[in-house]
Amino acid sequence: MIQKITHVEKEFLLSAAARAALPFRLHGTSGMVQALLQNIQPGALEMVFRSRPGDGGFPPPEPVTAYFAYGGQTYTFRSRVRKRTETGLLLDMPEFLYKSLRRKFVRVYRPKGLQVVFALDNEEIRMDYPVCPEYSNVEEPADINISTDIPIQRLIAAFREELSGKCTANSIRMFRTKKPERLEEILVTETGKVLFIPSTSSGLPRTDPYPEGRLITEAMEEQFEDPNFLVEESALQKLLAEKKAEGITSEIWCPVVFYQYVVGYIYAANKGRSSFDFSMIDTLWDFSRILAYKLKEVGYFAAEQTTGAAKEHSAKIVDMTPEGILIAVPENELRIPVKEGAGFRVTVLPEEGGAVSAYARVCRRHTDQGTTYYGAQFAGMKAEDRMRLFTLLYGSKNPENDPSVFEKSGTTAAAPF
């Protein structure tokens, strides 16, 4: 995992790099240049060129990402150009220094001459189902070892037969004719997440162990409660007491998400048995994805949906590598945010030449001051498009033999990129 260096270590490492005349790689929107750290000034680093940058390259206040190796580790920091001379650069003193880098390729911060647009599959469909707070694309799950080639009726029957040995009751319910009414149904549709009741004696989980956020936690449920729940028994507490009186020990309510809609849910319960564990959640979650894909494949919603024109969204590139991209999107650009784990189609538009297209899957997302940031990993990019992206980002004609494009010093391209 990437590690932040302490202030004392940062001073030591930079001083050691200057004394040993260690080579630095400075990557900016102007390209890459090699340099030495000649002097450490109060609040600034004086760098001397070892290679010549392009004419007019690295003007103030261009952002720069620097890399250097020391003691078998590669270190990096982000800074800005304060001053440019014929022989070097004066950089702002970096606030942080990092090691244990995770990426293979150097991130290019705000790459020059590149723009990006993205599009969500079926973003403009209109259906009379509860709207989910996050967008999830519908695709054939490649990470689940269940055949999707059989008819949907047989698929559902086989799944329910499998569940029969793991629970005392199960069902699949759709919101086609009956809208959400029960508290459990409302919680599932309002959040698009799994309602997991590990025990009717203990309540909901306090934390969610899934990276993409899969469970309704205790804190989330409290947001739906009456303000008096602190002094009176909450609706959920009353419901759990009723379930316990009926002999129910554990329940799972798993939503079936179809793009931006919750179209139904899968229910499982245990009476007089031990509580469900996370493997049961995984079973229902995986099947909900398979079911959504099969519903799309057979055209289950075709007669009740309308589709508007496909829409492309503009975004600002924060940084980029041939493997992925971090983009900034105004919060009001999308009606609902894209869920972590979901994907969209990305088109990179250079100032000259053809566009580069790829599918990108969201690995992380956060919102700050009205802007949502998506970190996404490319998938399914054609070999010629990836080579073109190397050239656009690094100006490298032969990236396999160009060490400057790798984040870790000394890395080679023996592994496929």
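The values are calculated or read from the model by the stated rules, or taken from the named source; none is laboratory data. All values derive from a computational prediction rather than experimental measurement. Because the Cβ atoms are built from the backbone with ideal geometry, glycine has one as well, and the counts that use them run over all protein chains shown.
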For this session: Pull up region 300-335, narrow it to residues that are surrounded by 16 or more Cβ atoms within 10 Å (Cβ to Cβ) and β-branched (Val, Ile, Thr), then point me to the one that is farthest from Cys132 (Cα to Cα).
Result: Thr321
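Could you check region 17-30 and list, in sequence order, the residues that are at pLDDT 90 or above and either in contact with a Pro (Cβ under 9 Å, 6 or more places away or on another chain) or closer than 14 Å to Tyr67 by Cα (or both)?
Result: Ala17, Ala18, Ala21, Leu22, Pro23, Phe24, Arg25, Leu26.
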Exercise. In this structure, is Val116 closer than 30 Å to Glu333 by Cα, surrounded by 14 or more Cβ atoms within 10 Å (Cβ to Cβ) and under 32 Å from the mean Cα position of the chain (by Cα)?
Worked result: yes
For this session: Restricting attention to region 1-16, report how many residues are modelled with pLDDT of 95 or more, closer than 17 Å to Ser79 by Cβ and hydrophobic (A, V, I, L, M, F, W, C).
Result: 2
For this session: Just give me the residues in region 53-111 being of a type in the set (D, E, K, R) and within 27 Å of the chain's Cα centre (by Cα), in sequence order.
Result: Arg78, Glu95, Lys99, Arg102, Arg103, Lys104, Arg107, Arg110
Exercise. Would region 75-90 turn up any residue that is assigned by TED's automatic domain parsing to the domain that holds Ala16, at pLDDT below 90, touching a Lys or Arg at 6+ places or on another chain (Cβ under 9 Å) and buried (at least 19 other Cβ atoms within 10 Å of the Cβ)?
Worked result: no
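Does Gly343 satisfy being small (Gly, Ala, Ser), within 20 Å of the chain's Cα centre (by Cα) and at pLDDT 90 or above?
Judged against the criteria, Gly343 is a match.
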For this session: Working only within region 55-65, note down all residues that are modelled with pLDDT of 90 or more and over 13 Å from Leu90 (Cα atoms).
Result: Thr65
Seminar exercise, completed: With the first residue restricted to region 170-181 and required to be in contact (Cβ under 8 Å) with a residue 40 or more places away in the chain and more than 16 Å from Asp128 (Cβ to Cβ), and the second required to be aliphatic (A, V, I, L, M) and surrounded by 14 or more Cβ atoms within 10 Å (Cβ to Cβ), Cβ contacts under 6 Å at 6 or more apart or on different chains are Asn170/Leu163; Asn170/Ala268; Ile172/Ile266
Exercise. Going by the conditions given, is Phe258 in a strand (DSSP E or B), closer than 30 Å to Lys243 by Cβ, aromatic (Phe, Trp, Tyr) and in contact (Cβ under 8 Å) with a residue 12 or more places away in the chain?
Worked result: yes
Exercise. Being in contact with a helix residue (DSSP H, G or I) (Cβ under 6 Å, 6 or more places away or on another chain), closer than 30 Å to Leu204 by Cα, crowded, with 16+ Cβ neighbours inside 10 Å and not β-branched (Val, Ile, Thr), is that true of even one residue in region 278-288?
Worked result: yes
Problem set entry | Residues of region 186-208 classified as under 13 Å from Pro133 (Cα atoms) and surrounded by fewer than 20 Cβ atoms within 10 Å (Cβ to Cβ), total | 2
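Does region 2-10 include one or more residues that are within 24 Å of Leu393 (Cα to Cα), in a strand (DSSP E or B) and touching a residue at least 40 places away in the same chain (Cβ under 8 Å)?
no
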